[in-house]
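Structure first, commentary second.
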Amino acid sequence: MVKPFFHPLLRLQWKLTLSYTWITVATLVILTLAGYMAGSEAAAANFSQLVIGDLKTHTSELVPYVSATPPDRAGMTQWLRQSENLTTEVVLSTVPRATYSVSLDGITVVVDPHGVVLASHGTGAAPVGILLEQQLPESARTVLRAALAGQTEAERLAASLSDGTVFAAYPLLGPYGRIEGALVAQTSGISQPSLLAHALFVALLLAIPVTILAAVIGTIFGFFMARGFCQRFKRLSFAVDQWGQGDFTVLAKDPSGDELGQLTHRLNRMAGQLQALLHDHRRLAQLEERHRLARDLHDSVKQQVFAISMLVNSAKGLLRSDPDRVQICLEETDAYVQHAQQELTSLVHALRPPKLAEKGFVAAVRDLAMQWSHQSGIATQVSVQGELPHAVIVEETLFRIVQEALASVARHSQATRAEIILTFERDTFRLCIGDNGQGFEAARVQGKGIGLLSMQERMRSLGGTLLVESAPGKGTNITACCSASEQKEGEKE
């Protein structure tokens, strides 16, 4: 059950389709993973700027507490406690919702314009009322001074400290751009393994619909692309099969200019050259046959006719002077005439079988089948359908094919029954010869058997076709077809 199910997948069309599908899926999944990993790397590298952006977002909430007179320290402390889980969204890609929330889990401090701590929160935070700058390393002091000076450029408002934390500050701007103080944060930053794990998880989740979509698109695209290639191969294969049967008039159609189209064009050109060679071969065979007949006529009949002419002339000269000698000349003339008749009869029999000339085509085939059946011990049946018109060249060719086919059945088939069907319908001669023998693989013997080649050449000389169908254990069927009208025109010419 499994093998027949997967059998269609072994065809070239489905192999190409699946290859397109796998390539499309693999490419999109790899690009998705690579995009997320690159996004996570970029997010980790630019974390300082992300923190500044988050501080800027929350400064507007603190300005009312700082600008109050006196500053509302209790409100600021409450705000810092409520914002203990203050987070920043790290964007991993351009895909919506592809973000990673990072907590600012360190220290948050609010200072006045002079850098004095107004409120603080977090473990180890500076106490209220002291000058924060005194508690900071030099790089952090530079950041705080820039914030209290009203600087808003992100690259000047953050610094990485020696302990791996990130120190950032952003000015608290009141009405008319007045500096009311600064919001300061010190956080441990992004956990690189955590960020990468999150990026990989999101990428794998997104890879599921991407894989499905890519599989559908790749399958559809690959199916139609592979279908086009397979149709082109089928056309070429059909033409090659016809060439293998000797019909070089069939050409493979492929107008494309790629490698397959160029190969098809070269094969078509080769088929045309073979067709021309076969045509020349038939012409040479006809010329050779004519020359043979000419030699036979010259060496036999012509010499005898010349002798007859000499004897007749001698008899004319002796008619009055020596009647006895004339009698001898006439007897010799009669002998030469008989010899000439025998020679002509032999030549005619070589061109046309005697039984065919004496009894006609159908009767000759029946006699041949009966005699062959008696000799071979194979039961034979002859069927005739329709009225077979008289066409000498067709009758001779089909009779020779019957002789050759029956000889092949007797030699190779091991059959117990054979059948010959002669049909004429719609201006077409059809001869079918079948047996119930052991059969053979027709493709393996194509072009190898002399008998098959001889039959194919005979049918090609009529402009017809010869089809051989056989398989091991299923017998053999030979079908010869040709047009009757073409043969009539040929005889008139």
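The values are calculated or read from the model by the stated rules, or taken from the named source; none is laboratory data. As the structure is a prediction and not an experimental result, all values here were calculated from the model. Here Cβ is always computed from backbone atoms with ideal geometry, including for glycine, and neighbour counts include all displayed protein chains. To get the accessible areas, we keep the full protein, side chains included, count just its heavy atoms, and leave off ligands, DNA and RNA. Shrake-Rupley method; radii C 1.70, N 1.55, O 1.52, S 1.80 Å.
Label-to-label distance for V128 and Q327 is 17.3 nm, based on points extended 7 Å past Cα in the beta-carbon direction. Residue separation of E441 and Q78 scaled by 0.36 nm, minus their Cα-Cα distance, works out to 121.2 nm of gained length. The calculated FRET efficiency for the pair L293 and S454, based on their C-beta separation and a Förster distance of 22 Å, comes to about 0.65. Averaged per residue, segment 375-420 has 51 square angstrom of accessible surface, using a 1.4 angstrom probe with ligands and nucleic acids left out. Close amide H contacts of I130 (hydrogens built in the peptide plane, cut-off under 5 Å, sequence separation of 5 or more or a different chain): V117. Residue-wise HN-Hα couplings along segment 164-169, as the Karplus relation 6.51 cos²θ - 1.76 cosθ + 1.60 with θ = phi - 60° gives them from phi, are x, 8, 10, 9, 9, 8 Hz; Gly and Pro carry x. Database remark: amide H of T380 closer than 5 angstrom to the amide H of A418 (H placed geometrically; neighbours at sequence offset of 5 or more, or on other chains; Pro and chain starts carry no H).
For V111, the amide hydrogen comes within under 5 Å of the amide hydrogens of L118, A182, V184, counting only partners 5 or more places away or on other chains and with H modelled in the peptide plane.
Applying 0.36 nm per residue to the separation of I208 and L319 and subtracting their alpha-carbon distance, the gain on full extension is 28.0 nm. On the beta carbon distance between L274 and V216, with R0 = 51 Å, the FRET formula returns roughly 0.65. Annotation for R145 and V362: the two label points, set 7 Å from Cα along the Cα-Cβ direction, are 12.5 nm apart. Between T57 and V116, the simple spin-label model (points 7 angstrom out along Cα→Cβ) gives 3.3 nm. Along segment 241-255 the Karplus relation, 6.51 cos²θ - 1.76 cosθ + 1.60 evaluated at θ = phi - 60°, assigns HN-Hα couplings of 4, 5, 5, x, 8, x, 9, 8, 7, 7, 10, 7, 9, 7, x Hz to successive residues, with x for each Gly and Pro. Multiplying the residue separation of Q135 and Q403 by 0.36 nm and subtracting their alpha-carbon distance yields 84.7 nm.
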